[in-house]
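Inspection log for the structure reproduced underneath, given as structure tokens.
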Amino acid sequence: MHILEILKERAAQKGGKIVLPEAQDERALCAAAMIVKDKLAEVVLLGDVQKTQSLAAEKGIDLGGSELLNPSQSPRLEEYAQAFYEKRKEKGISYEQALATLQNPLFYGAMLVKNKLASGMVAGAANTTADVLRAALQVVGVMPGLKTVSSTFIMVSPRENETTYLYSDCAVVPNPTDEQLADIATSTAFTRRAILGDEPRVALLSFSTLGSAEHELVEKVRSAKAILSERKVDFAFEGELQLDAAIVERVAKSKAPNSSVAGKANTLIFPDLQSGNIGYKLTQRLAGYEAIGPIIQGLAAPICDLSRGCSIQDIYNTAILVLLMSK
């Protein structure tokens, strides 16, 4: 059974409600119909209700079982606008601006998630990543104890019974500081537990293994490890490790013989966005791994971004991940 089928079964058992704030996009409507039909979750579609119904009728999409909601006509609009104003007034926002902002489906959907009226939100089919993340950060905010929003990819081997890896960060933070690297490691460990349900063994990657080289780039990774130690995180980690020392036991015995993570890592933290992005694409293209993601992580509640070139199946699959990440 493919990993997404396994995750789908777990997500369906967990249940919940998914917000799709792009109701004027045909792909979102088709995904909503699939989610409801498969009894994966409840769905809230945000946008102009009449236009949504007209588009669904035109395309022959059955939206029975989905809730259609226009934020500008919601009885909760003023309450949410007031809450947003209180949170953002020190940034110079007026109540009138808050009221206008909360009529944007991205912001209204994020407010539904923040208030636990939905498990999470999937957006980005018709909005940019910047717009999705802006709504998420301004409304939901970051996970307690963290300051960094990042991303991860689930890397699935084409061969059975091989390790499924998480690669981070490959899509959001270009040049993370040591503290941001520690945040990324913490977020990715949480993501692994939530989605895959197993224990993370986190490797902080570098071109050095436990002191084999000296450079300011290596020092940043070592510092990130020290920060994780100070935080007393509840997952196993090691750094700095070269990739072979992280995932090949034979190499680990030579380069890091006293490490409980070296050679067994399943969660790889890259030192910067360039190496992470290159790394996941090399694994995908040359080794034939399937890359599932990017999954946005580090938020206080799950809101995931899509590529504007996404498929209906991409929206559906991302809804599965959001359900598993919800509390």
Scoring only Lys, Arg, Asp and Glu (+1, +1, -1, -1) among other residues with Cβ under 13 Å from the Cβ of residue 4 yields -3
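At a Förster radius of 25 Å, what calculated FRET efficiency corresponds to the Cβ-Cβ distance of residue 9 and residue 281, to the nearest 0.05?
Calculated value: 0.25.
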Grab every C-alpha pair in the stretch 182-289, bin the distances at 10 angstrom width from 0 up to the longest one, and report whole percents.
15, 47, 34, 3
Quick one: of the DSSP bridges fully inside the chain, what percent are antiparallel, nearest 5?
30
Between the helical axis of 3-14 and the dominant principal axis of the chain, each derived from Cα atoms, what acute angle in degrees is found, rounded to the nearest 10?
50
In degrees, nearest ten, helix 312-325 long axis to first principal axis of the chain (Cα)
70
Bin width 5 Å, alpha-carbon pairs only: give the P(r) of the stretch 233-327 as whole percents, running from 0 to the bin holding the largest distance.
3, 11, 16, 17, 20, 15, 10, 6, 2, 0
For helix 273-287, what angle does its Cα long axis make with the longest principal axis of the chain, in degrees from 0 to 90 and rounded to 10?
90
What size of dipole, in debye to the nearest 20, comes out for the chain about its Cα centre when the only charges are +1 on Lys and Arg C-beta atoms and -1 on Asp and Glu C-beta atoms?
420
Just to be sure I understand the model, the point goes 7 Å from the Cα along the line to the Cβ. What's the resulting residue 272 to residue 216 distance in nm?
1.1
Compactness index (Cα Rg / 2.2 N^0.38 Å), the stretch 84-217
1.31
If you stretched the chain out fully between residue 62 and residue 128, how much longer would it get, using 0.36 nm times the residue separation minus the C-alpha to C-alpha distance?
21.0 nm
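Helix-only mean residue ellipticity at 222 nm, the chain, DSSP H runs n ≥ 4 weighted -39,500 (n - 2.57), per residue, nearest 500. What is it?
Details: 13 runs with 146 residues, N = 327.
Calculated mean residue ellipticity at 222 nm is -13500 deg cm²/dmol.
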Expressed in nanometres to one decimal, the distance between label points 7 Å along Cα→Cβ at residue 103 and residue 291 is 4.0
Count the net charge of all other residues whose Cβ sits under 14 Å from the Cβ of residue 45, scoring Lys and Arg as +1 and Asp and Glu as -1.
-3
Per principal axis, descending, Cα span of the stretch 125-181 in whole Å
42, 34, 22
As an exercise, take the mean of 1/r over every pair of distinct alpha carbons in the chain, invert it, and state the Kirkwood radius in angstroms.
20.7
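For residue 311 and residue 230, what does the FRET efficiency come to when R0 = 41 Å and r is the distance between their Cβ atoms, rounded to the nearest 0.05?
Taking R0 as 41 Å, the efficiency between residue 311 and residue 230 is 0.45.
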Give me the one-decimal nm value for the distance between modelled label points at residue 95 and residue 207, 7 Å along each residue's Cα-to-Cβ direction.
5.8
In Å and whole numbers, how far do the C-alpha atoms of the stretch 1-109 stretch along each principal axis, longest first?
52, 33, 19
Trypsin sites (Lys or Arg not before Pro) within the stretch 103-162: which are DSSP loop residues with at most 12 other Cβ atoms inside 10 Å?
116, 147, 159
Using the beta-carbon distance between residue 87 and residue 327 and R0 = 22 Å, what value does 1/(1 + (r/R0)^6) give for FRET efficiency, to the nearest 0.05?
0.60
Taking the Cα centroid of the stretch 62-136 and of the stretch 1-21, what is the distance between the two, rounded to the nearest whole Å?
24
What is the sum of charges, Lys and Arg at +1 and Asp and Glu at -1, for the other residues whose Cβ falls under 12 Å from the Cβ of residue 253?
+1
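No lab work stands behind these numbers, since they all come straight from the coordinates. These figures come from a predicted structure and were not determined experimentally. All Cβ positions, even for glycine, are placed from backbone atoms using ideal geometry, and neighbour counts span all protein chains on display.
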